[in-house]
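Here the structure is laid out as structure tokens; the discussion comes afterwards.
The values are calculated or read from the model by the stated rules, or taken from the named source; none is laboratory data. Just so you know, these numbers come straight off a predicted model, no measurement behind them. With ideal geometry, Cβ positions are generated from the backbone for all residues, glycine too; neighbour counts draw on all protein chains shown.
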Amino acid sequence: MGLLVPAALGLAGGWSVHLGMRVRDHLEAARGALVQLRSVVGAGDPRPVTEALAETLTEARRHAVEARRLTGGPDWWVIAHTPIAGNAATTVRGLAGATAELTDVLAGVREAAGPLLTIRTRSPGDLRHQLVALDAAAPALDDGVTRLGRVLAHLAATPDNTGLDRLDEARDTALNEIGRLRGLLRGAADAAALLPPMLGRDGPRRYFLAFQTNAEARGTGGLVGAFGILRADRGRVSVERLSANTGLATSPVPVADHGQDFLGRYGTGATRMLSVSNLSPHFPYAAATWTGLWERQAGGRLDGAIATDPVGLAHLLRVIGPVPLRGGSEVTAENVVDLTEREAYARYPDPVARKRFLIEIAGAVSEALPTSLVDPTRLLPALSDMVSERRLQIWSRHQAEQRRLSRTPVGGVLPSRPGPFAGLVVNNSAGGKLDYYLERSLGYELGPCRGGLRSSTVRIRLTNDVPRRTLPSYVTGRLDSPQSGHTPGSNLLWVSLYGGLDARMTEARLDGERVAVIREAERSHPVYSALLEFAPGQSRRLEFDFTELASDDPPMVPVQPLVRPQRTRVTQDPRGCAF
């Protein structure tokens, strides 16, 4: 904040200048110590990290508490009620209080969660000690999330236009950073509450484990190419019964009921057949169907379902390291996506041999994973990437756990809450594996608000970036119409745009020309769909104009986890929506 605040306070007298300078110095020192925390947390062996963390937090708290004391007395109250300096003084007091409360929360979290940094398992896959530590840390983490919520509310209520640009920027930065930290803390609190029971603290758990092949797109990511059963018992984790997707038979009757909207959009096959069980982007629909299919065939009862894909395996292999395969080769973070979603089809023309190879890869990574759990903290960056990219999705049959999961990114839930929303979902309708080459971009343009409404446009561009070389027929085959003589490399995609709950489409255009699209609904979202043919190398453009309710809520643009990342751009009228 420099000398700006003291200069403004000078209007209230010389003592105010001195007081303002002291507050500034303490806030700057506290901010410096908090910035240092980032480098401390990311450094070296956890044992010295915990010691450095304690020292740095103690320093930050000392300065923050003093700044709060100085701005909480009668002298500062007088300054805060002067006509010119009042807004600035009020905001400075808010920053001091927020910083003090933040450092107190961090100290409590460090004390509660510190043991997690130093625990080492005695055998691969044994997480019993971690589960005990997570259980102990859960209340403090939940309390920290609640307290930071109050901090954000109090700081947001302070003046945001004090006449001092650097002070206003400091307030905005503090709001953003505390919000970001609260999000991280909420993730940790969810993990501390969910992992102990889900990993068998109270007895054995079993989950359907799906390996999705997103070279053939499905709503949750990709076709389920292989599956297994993940077993967790008091912290000991293992994967068993790995099988190709052909190992799960079609049910003669639906194994789940997802409501009339689901039935009208996807048909009964989506609750009877594994191959089309995950057309919806709402992961709990797919998970309930998977567990139902397995239970009907194998008997017994599963506790939930977990899904990942080759990109998720790449994140895990960054931690695990290269895993040997039969014949002297190995699977690595660098080659697992290409190996499973392109190379396998060229290497093994026989589908049975190819599926056996893919099962070998899934099994090798599953067997190697428990060794990395000797130090679970090494997994955190990989798991964070998997969750943020939706490469890890989890559903629990236990209602309390599922309620908490559904509020997190790992739950894979299609949210049914109001606000600006644009979700692109692609399902392969050709039966080939060409979505490995699919390029996607989405632009969401939110216009100005007038009369309680807003006009918005969503622009989608899809490109079939298939190479010119000859590809295996299994990759390019057209199961939708095998006798029609399609050009090798052509693709057929069912393209859907999910709009906001209150959005109403006014016009759709395909490659610049008006086009009729199918309107359906899913979890209260309007869904607009078109079946599009793509020649090799062809790009198609879909544009949707909407009328939406005016809202200052941040736009939500969920991204379907396919092989290639989606390029997303959101633009918003700078005037926002004033009510």
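Here residue 435 fulfils each of the conditions (1) surrounded by fewer than 17 Cβ atoms within 10 Å (Cβ to Cβ); (2) closer than 16 Å to residue 559 by Cβ; (3) of a type in the set (D, E, K, R) apart from (1). The set of residues from the range 157-211 being within 23 Å of residue 90 (Cα to Cα), in contact (Cβ under 8 Å) with a residue 24 or more places away in the chain and among the aliphatic types (A, V, I, L, M) comprises 157, 164, 167, 170, 174, 178. Selection of the range 544-579 for residues being over 26 Å from residue 432 (Cα atoms) and charged (D, E, K, R) yields 545, 548, 552, 553, 569, 573, 575.
Of the strands (runs of 3 or more DSSP E) lying entirely inside the range 147-265, those containing at least 3 residues that are buried (at least 22 other Cβ atoms within 10 Å of the Cβ) and in contact with a Gly (Cβ under 9 Å, 6 or more places away or on another chain) span 205-218, 221-233.
Rundown of residues vs (1) aliphatic (A, V, I, L, M); (2) in the same structural domain as residue 227 (by TED's automatic domain parsing); (3) under 24 Å from the mean Cα position of the chain (by Cα); (4) closer than 25 Å to residue 290 by Cβ, yes/no style:
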residue: 304; (1), (2), (3), (4): no, yes, yes, yes
residue: 307; (1), (2), (3), (4): yes, yes, yes, yes
residue: 310; (1), (2), (3), (4): no, yes, yes, yes
residue: 314; (1), (2), (3), (4): yes, yes, yes, yes
residue: 325; (1), (2), (3), (4): yes, yes, no, no
residue: 328; (1), (2), (3), (4): no, yes, no, no
residue: 336; (1), (2), (3), (4): yes, yes, yes, yes
residue: 341; (1), (2), (3), (4): no, yes, yes, yes
residue: 351; (1), (2), (3), (4): no, yes, no, yes
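Evaluation of residue 212 against the conditions (1) among the polar types (S, T, N, Q); (2) at pLDDT 95 or above; (3) touching a Leu at 6+ places or on another chain (Cβ under 6 Å) shows that the sole unmet condition is (3). Restricting attention to the range 305-319, the residues being buried (at least 24 other Cβ atoms within 10 Å of the Cβ) and either within 21 Å of residue 200 (Cβ to Cβ) or of a type in the set (Ser, Thr, Tyr) (or both) number 3. Listed by position, the strands (runs of 3 or more DSSP E) contained in the range 438-524 that have at least 3 residues being modelled with pLDDT of 95 or more, crowded, with 17+ Cβ neighbours inside 10 Å and of a type outside the set (Asp, Glu) are 438-450, 453-464, 491-499. A Cβ distance below 6 Å, combined with a sequence gap of six or more or placement on separate chains, defines the contacts here; from the range 466-489, residues that are under 13 Å from residue 433 (Cα atoms) reach residues that are β-branched (Val, Ile, Thr) in the pairs 488/476; 489/466; 489/476.
Within the range 379-403, the residues that satisfy the criterion of being buried (at least 16 other Cβ atoms within 10 Å of the Cβ) and part of a helix (DSSP H, G or I) are 379, 382, 383, 385, 386, 387, 401, 402. Residue 535 meets the stated requirement of being farther than 12 Å from residue 422 by Cα and in the same structural domain as residue 464 (by TED's automatic domain parsing).
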